[in-house]
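A.B. asks: Before anything else, here's the structure in question.
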Amino acid sequence: MSGIKSDLIEFDLTKDKCFVCGRKANTVEHLFPKWLQHKFNLWDQKIHIPNETTISYKQLLIPLCKKCNNEVYGQLENKIKSGNASDAEIWRWANKMHFGLTLKNQFLEWDRKNPGNKIGDIISPSDPLEQSRHFLHCVSGDFTCSPDPFGSVFKFQLDYEEDFNFIHIINSQSIYACLGDVIYIVFVKDGQTMKEDIAIKEDYESILSGKYKMQDALFFYAKCIEYMDRYTYSIPIVFSGKQILKFGKATLRDEKPFDKEKFSAICNRFGITWIDSNDINKSP
Ligand SMILES: [Zn+2]
């Protein structure tokens, strides 16, 4: 990503500042909204975070200002709750979840070289988290983005109720959220590269055209994660004024061979078992 000076509001990530826009915080809200915790009885359940520990959903709290509380936790959550959210709204919601969880990890000092430092002390303009804030400013409405949604949004509508499932992968900056009868897979910062890829697109459309279950969406997500790992793209992004712009197409920089073991491990991590059909054919 290339950076041109943008009008990002200066703020330290503290309890006194709204985590979405940086203005003065007036309230503290649950990152996983109350309606979601009620619906799936998540209050005392725990989410796995990448530092190999767990934290309960009810402990994930974020400071918000009045404006963001109404817009992010009012309008946006209502849209997600109703199941009628547009791709742009799903992307904003995923953005908020991705950043909130990443922020939480930072507060917990995960993967940082200087234990004892909090995020406000160690953040720099080239920090991926600092870049995330540009995207978060699209959630508060302080910034616009093109394309909108800026990332790839995949939606699966089930004809039955599934258990709640939430996966957050920091490397790919993506989330998988199964909210009962609907599943969202969102790549927050990919400039819609995944959505525009012909192989991914064909796979997605072929799943949607048939009868599918939760496992199909999960398997699709595993394939996307493997794909992202295999192909390295350079995405031309400019942060300018109050805008995030993608100009031109993503360029393929590197391609690795398909790694069976790695893909198998991703599937296992998601609770699905992948068997290579070539191996079945080879068996006596
Ligand atoms: Zn705010």
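Nothing in this text is a laboratory measurement; each read-out follows from the coordinates by a stated rule. All of these numbers come straight from a predicted model, not from anything done at the bench. Here the Cβ positions follow ideal geometry from the backbone for every residue, glycine too, while neighbour counts run over all protein chains shown.
A.B. asks: Applying the Karplus parametrisation 6.51 cos²θ - 1.76 cosθ + 1.60 with θ = phi - 60° to the phi angles of segment 20-25, what ³J(HN,Hα) value in whole Hz is obtained for each residue in order, glycine and proline being reported as x?
C.D. replies: Karplus values, whole Hz, x for Gly and Pro: 7, 10, x, 6, 4, 7.
A.B. asks: Still on this model: Once the piece of chain linking Trp35 and Tyr160 is laid out straight, how much longer is it, given 0.36 nm per residue of separation minus the C-alpha distance between them?
C.D. replies: Taking Trp35 through Tyr160 to full extension adds about 43.1 nm, to one decimal.
A.B. asks: Here is a follow-up. Quick check: pseudo-label points 7 Å beyond the Cα along Cα→Cβ at Ser277 and Leu61, how many nm apart are they?
C.D. replies: Rounded to a tenth, the inter-label distance reads 5.2 nm.
A.B. asks: Oh, and also: Over 30 Å between Cα atoms, which of Lys39/Lys213; Lys17/Lys262; Lys39/Lys211; Lys79/Lys246; Lys81/Lys211; Lys15/Lys249 qualify?
C.D. replies: Distance filter (> 30 Å) returns Lys17/Lys262; Lys15/Lys249.
A.B. asks: Glu202 to Ala88: extension gain in nm, 0.36 nm per residue of separation minus the Cα-Cα distance? Working shown, then result.
C.D. replies: Numbers: separation 114, 0.36 × 114 = 41.04 nm, distance 2.15 nm.
Between Glu202 and Ala88, full extension yields 38.9 nm more.
A.B. asks: Moving to a separate point now. So what J values fall out for segment 64-71 if you push phi through Karplus, 6.51 cos²θ - 1.76 cosθ + 1.60 with θ = phi - 60°, rounded to Hz, Gly and Pro as x?
C.D. replies: 9, 8, 4, 4, 5, 4, 5, 7
A.B. asks: If r is the Cβ-Cβ distance from Lys24 to Asn70 and R0 is 22 Å, what FRET efficiency results, to the nearest 0.05?
C.D. replies: For Lys24 and Asn70, the calculated efficiency is 0.90.
A.B. asks: Separate question: Apply 1/(1 + (r/R0)^6) to the Cβ-Cβ distance of Asp181 and Arg230, taking R0 = 25 Å, and write down the FRET efficiency to the nearest 0.05.
C.D. replies: 0.20
A.B. asks: Enumerate the calculated ³J(HN,Hα) couplings along segment 251-262 in order (Karplus 6.51 cos²θ - 1.76 cosθ + 1.60, θ = phi - 60°), each rounded to whole Hz, writing x wherever the residue is Gly or Pro.
C.D. replies: Ordered by residue, 3J(HN,Hα) equals 10, 6, 9, 7, 9, 9, x, 4, 10, 4, 4, 5 Hz.
A.B. asks: Under the 0.36 nm per residue contour assumption, what length would be gained going from the current alpha-carbon distance of Trp43 and Arg269 to full extension?
C.D. replies: Between Trp43 and Arg269, full extension yields 79.0 nm more.
A.B. asks: If you rank Lys213, Lys256, Lys242 by fewest surrounding Cβ atoms within 10 Å, what's the result?
C.D. replies: Numbers: Lys213 13, Lys256 10, Lys242 16.
Least to most surrounded, the residues fall as Lys256, Lys213, Lys242.
A.B. asks: Amide H of Gly141 versus every other amide H placed in the peptide plane: which residues, excluding those fewer than 5 positions away on the same chain, fall under 5 Å?
C.D. replies: none
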